[in-house]
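The values are calculated or read from the model by the stated rules, or taken from the named source; none is laboratory data. Here the structure is a predicted model, which is why all the values come from computation and not from measurement. Here the Cβ positions follow ideal geometry from the backbone for every residue, glycine too, while neighbour counts run over all protein chains shown.
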Amino acid sequence: MDIKKSAVAGTLESSDCMVTVEPGNGQVDLDLDSVVIRQYGRQIRKVIYETLKNLDVNDVKLTVVDKGALDCTIKARIEAAVFRSNDIKDSLPWGGAIK
Amino acid sequence: MNPNLKRLRRSMMFLNCQKPGLIKDPYVYGPDSIMLDLEDAVAEREKDAARFSLYHALQEIDYRGVERVVRINGLDSDLWEEDIRCSVAGGCDAIRIPKTETAEDVKRVEAAVIAAEKEFGIEEGRTLIMAALESARGVLNALEICEASPRLFGIALSGGDYTKDLQTSISGTGVELMGARQHMIIAARAAGKQCFDTVYTNLNDMEGFRRDVETIHTMGFDGKSIINPRQIPIVHDIFTPKQKEIIFAEKVVREIDTKKAMGIGVFTVDGKMIDIAFYDGAKRTLALAKASGVYKGDL
């Protein structure tokens, strides 16, 4: 999927994360800030890159501010931001690109 | 038939799908069911994001046997069909229809659930339905709503909207809800379905809450919608048979079985006159006690 415009999903509340996607410069450019980066930084990055791969997003500037979100929340926020950047709200690929 | 149609549902706790912190571990409080809300609790501009959170929570969080019901958006919105696709694909246990007014409302949701089960390879019949009645028309049509689908396990009163429709408001006495409660429990029982009461929103009045739960328990309801974990122990305390009731029910069942074989129809247990009319009630007490984990006997 392309990132057609900037989009944001999530909050800065505890157990959540705020994800911002913007059109990229031909690659994935990740800026990650997390309250648990020392303990879980590697795992969070893994979840982020896997989610982008599932969505076939290869060109994006991605900013993630994590407040201790579970993996499932990180995935959900990235997907919400990516689909918002495409204005897609219906007929979503549950169990396909969203997994 | 789906074995969960008649499962234990004393407490059904609402949780806002917009808040990841709320839906990540509600099982620790021990409700019988959680109702993951895509409707009123979710802000209009967060409806899309709430679905992603819901889908992954359903897929990845182990709710440890707690039933996962999803409250979809109303059939008067353009959101409910995608809500059902998301919920069924995620593997929810049931769909709660808000603002149900007719049997046709239930049939529309049933058709969408069947289509979603087919689309996502979910076992046919796995996803149950419940209907919330939130208007005078909905309450009056309770029986046809109960009989609209074999997937429908029960109906629930939604007191806030219902009292608005009656042009009154929640008083705390329950007077304004009496007619709806009585009508709904009668309709539900006539159709062999479960019946659930509305939320009690004043969290500072736990005594009032207890009285409210005792009232609906006496009326025959199966459980209550709740909004806070603090309400769970009170509901479970009132809805779980006491040891004395369990022992008496056991005696009634055993005595009726024995006396029936001897050709005796009426007799006494602990000084009370008993006949066959007590049998089903005693069996129900034991089934509820077993489901609540307080009876390990063989009846």
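Here are the numbers for this structure:
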| quantity | calculated |
| --- | --- |
| Counted residues, the range B:208-253 - those being in contact with a strand residue (DSSP E or B) (Cβ under 6 Å, 6 or more places away or on another chain), surrounded by fewer than 18 Cβ atoms within 10 Å (Cβ to Cβ) and of a type outside the set (A, V, I, L, M) | 1 |
| Of the criteria (1) assigned to a loop (DSSP other than H, G, I, E, B); (2) without any contact (Cβ under 8 Å) to a residue 24 or more places away in the chain; (3) under 19 Å from B:I61 (Cα atoms), which one A:A69 fails | (2) |
| Pair list, Cβ < 7 Å and 6+ apart or interchain, from the range A:78-99 residues that are facing chain B (nearest Cβ under 7 Å) and under 17 Å from B:E60 (Cα atoms) to residues that are part of a loop (DSSP other than H, G, I, E, B) and of a type outside the set (G, A, S) | A:E79/A:L55; A:W94/B:F120; A:G95/B:F120; A:I98/A:L92 |
| Candidates B:Y63, B:Y55 - the one that is assigned to a loop (DSSP other than H, G, I, E, B) and within 14 Å of chain A (Cβ to nearest Cβ) | B:Y63 |
| Qualifying positions in the range B:99-152 - closer than 18 Å to B:L38 by Cβ, within 21 Å of the chain's Cα centre (by Cα) and outside any helix (DSSP H, G or I) | B:K99, B:T100, B:T127, B:L128, B:I129, B:M130, B:A131, B:A132, B:E134 |
| Selection status of B:G125, surrounded by fewer than 16 Cβ atoms within 10 Å (Cβ to Cβ), within 24 Å of B:R284 (Cα to Cα) and either more than 14 Å from every other protein chain (Cβ to nearest Cβ) or in contact with a His (Cβ under 7 Å, 6 or more places away or on another chain) (or both) | no |
| Looking only at the range B:24-39, and only at residues there that are surrounded by 19 or more Cβ atoms within 10 Å (Cβ to Cβ), away from chain A (no Cβ under 14 Å) and in contact with a helix residue (DSSP H, G or I) (Cβ under 7 Å, 6 or more places away or on another chain), the one that is farthest from B:E67 (Cα to Cα) | B:P31 |
| Number of the condition not met by A:D90 [criteria: (1) touching an Asp or Glu at 6+ places or on another chain (Cβ under 6 Å); (2) exposed (fewer than 14 other Cβ atoms within 10 Å of the Cβ); (3) assigned to a strand (DSSP E or B)] | (3) |
| Test: B:A180 is crowded, with 22+ Cβ neighbours inside 10 Å, in a helix (DSSP H, G or I) and of a type in the set (A, V, I, L, M) | yes |
| B:D205 vs. criteria at pLDDT below 95 and surrounded by fewer than 17 Cβ atoms within 10 Å (Cβ to Cβ) | no |
| Test result for B:I246, touching a helix residue (DSSP H, G or I) at 6+ places or on another chain (Cβ under 7 Å) and not small (G, A, S) | yes |
